[in-house]
Every structure is written in structure tokens, then in C-alpha cells.
1. Quick one: compute the contact order of the chain, relative version, from alpha carbon pairs under 8 angstrom and 6+ residues apart, as a percent.
2. From a point 7 Å beyond the Cα of residue 13 in the direction of its Cβ, which residues of region 42-71 have a backbone N at a distance under 16 Å?
3. Once both labels are modelled 7 Å past Cα along the beta-carbon direction, what's the residue 99-residue 32 spacing in nm?
4. Where does the charge balance sit around residue 90 when Lys and Arg score +1, Asp and Glu -1, over other residues with C-beta under 11 Å from its C-beta?
5. Give me the one-decimal nm value for the distance between modelled label points at residue 167 and residue 115, 7 Å along each residue's Cα-to-Cβ direction.
6. Region 1-130: percent of C-alpha pairs farther apart than 24 Å?
7. For the chain, what does the accessible surface come to per residue with a 1.4 Å probe? Please give it in Å².
8. Test of understanding: extend the Cα→C-beta vector of residue 207 to 7 Å, then name every residue of region 166-197 with backbone N under 16 Å from that spot.
Amino acid sequence: MASNNAWNKIFNDLKIGEHDFSKAPFVLSAKQIKVSCQNFKDTSDKEPRILCKQDSREDRPQIFKDNNLFILPKHNGSYYIIQGEGYVDIPEITSPIISYKSKLDFDLKSSCAGDSEMQHLDYAFANSLIRTFMGDDSLVLTIRGRKYTPNFTFRTNGYTLPVSSVQTEVDAGYEGRHSVVLIEAKNANTKNTIIRQLYYPFRQWTEVTRKTVHPVFFEKRNINKEDVFYIWQYKFSDPNDYDSIVLVKSNRYRIIK
């Protein structure tokens with residue numbers, strides 16, 4: 001969770017509590033954070049990147065929770081503090097586990113080493129599970145790692161906000177003949193996530209490719225000593241509206257070798 005001590009000092013120094021969030025978000029710079037927190041000793045209490053990483057509702061500092069706030073990047077080194085709901089619940093998948101027969105005719109030995117999110121996602125894709133879930137055999141891996149967004153504007157909680165050159169990262173992006181699939185992968189039982197992790201890459205690659213972009217959330221869980229792969233497909237019913245996120249479909253699978 002982001003540091004309560006650091007954020008309490010930032011709010012006090014910049015008088016954020018006196019800001020009228022009904023009119024506009026509060027714009028905060030990384031430089032202001034560093035100045036306010038310069039006397040803290042721990043990196044987690046003074047590093048803007050760490051303090052502004054609030055990927056779940058629970059990750060927010062208490063002052064954000066008490067005032068119904070969340071944070072979004074505006075520009076590289078600049079942030080919006082916004083009042084309202086910025087997160088989406090990840091619903092539990094209770095439908096039966098689907099037994100999926102791998103399209104490979106050999107075992108992937110290298111996939112047994114480690115336990116990372118990307119490793120599990122690569123394993124699922126290598127076995128063609130992602131293609132099968134999306135119903136698109138043409139998907140190939142084309143996007144990975146950090147990129148910077150083009151300029152775009154979006155709406156959220158009554159605000160219209162410009163964004164420019166914000167760093168984004170997807171765990172994997174797959175392009176097919178007519179669409180792009182962007183995947184945010186986790187390796188835990190995630191209850192909710194900040195919509196930004198799906199929305200900013202969605203807007204970025206919609207601008208770049210002009211193809212239909214499908215945001216997808218992915219998890220590997222262990223159930224009764226068995227690896228089970230959970231997949232949720234989302235869409236934004238209004239591409240310009242951050243809050244228009246809708247669940248399209250979800251399933252969970254065991255991969256049969």
C-alpha cells in the first residue's frame with residue numbers, strides 16, 4: 001500500500017484537502033512529491049513512481065480512501081488526483097473449469113521454471129489458449145514492454161482530461177488480421193484493478209493500429225494442486241469514457257497436454 005505518512009505530508013504541504021474536486025481534479029507533479037517527501041529515509045516514502053502506484057482500491061493510502069480519491073497519470077512526471085471511482089471489480093468465475101486440449105504435440109519443459117505472470121501467459125498462448133478464447137487463430141505476439149501513449153482526451157467522473165506521453169506497459173499484446181488483444185496478467189487472486197491498466201493501453205493501440213482493441217485480464221491460479229487459467233475479456237462501450245468498461249465474457253481452463 002502507498003505510504004500513509006508520505007501522502008499525509010503531501011496533502012498538508014499542498015493543501016490538497018482544501019481543493020474543490022467538484023470543479024476539477026488536483027494536478028500534482030513528481031517534483032512536488034519529491035520536495036514534500038525529501039526528508040523521508042525509505043524509498044517507498046519518497047519515490048513518486050512507488051507512491052503513485054495504486055493498482056487496487058486497497059493499495060491507496062488512507063487519505064485517498066477517506067476522500068474517495070484515485071490517481072491517474074497526466075503526463076510523464078505529472079498526475080491527476082481525481083474524486084470518484086477509478087477501479088473495476090474482477091468478478092469471480094464460478095462456471096465449471098473447461099478442459100482445453102493443447103494444440104502442441106510436445107511438452108514445454110522450459111515453462112516449468114519459475115512462477116511469473118508473463119511465464120504463465122506465454123504458456124497459455126503457446127498452447128493456443130488465448131487464440132481459442134478470443135476465437136481468432138490469426139493472433140501473433142507483437143507488443144511487449146513499455147511504450148509511451150500518443151496524445152488523447154477522455155472523460156471520467158464528470159471531468160474531461162487530456163493525457164500525453166504517458167508510459168504504459170502490457171504483459172503481452174497480440175495482433176490479428178482485424179483486431180488487437182492486450183493482456184494484463186496477474187499471479188494472484190485479484191479482486192479489483194485500476195481501470196487505467198486496461199484503458200490507457202486500449203486508447204494507445206486504438207490510435208496506433210485503428211483495429212478493434214480487446215482489453216483482457218488474465219490470471220493463473222492453483223486450485224486443488226492444479227493450474228487453472230482465468231481469462232476475462234472487457235470492452236469500453238464508449239472509447240472516450242474511462243468509466244464505460246464492460247465485461248464481455250470470462251472462462252477458466254485447465255490445459256490438457
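1. Numbers: 475 pairs, mean separation 46.3, N = 257.
Reported relative contact order: 18 percent.
2. 42-52
3. In this crude label model, residue 99 to residue 32 measures out at 5.8 nm.
4. Values: positive: 186, 191; negative: 89, 92, 184, 219.
Neighbourhood net charge equals -2.
5. Reported label-point gap for residue 167 and residue 115 is 2.8 nm.
6. Working: 3950 of 8385 pairs.
For region 1-130, the share of Cα pairs beyond 24 Å comes to 47 percent.
7. Values: 12660 Å² over 257 residues.
Accessible surface, normalised per residue, equals 49 Å².
8. Answer for region 166-197: 166-170, 196-197.
The values are calculated or read from the model by the stated rules, or taken from the named source; none is laboratory data. Just so we're clear, the structure is a prediction, and the values are computed from it rather than from any experiment. FYI the Cβ positions are ideal-geometry reconstructions off the backbone, even for glycines, and counts take in every protein chain you see. Remember, those area values only see protein heavy atoms, side chains included, never the ligands or the DNA or RNA. Shrake-Rupley method; radii C 1.70, N 1.55, O 1.52, S 1.80 Å.
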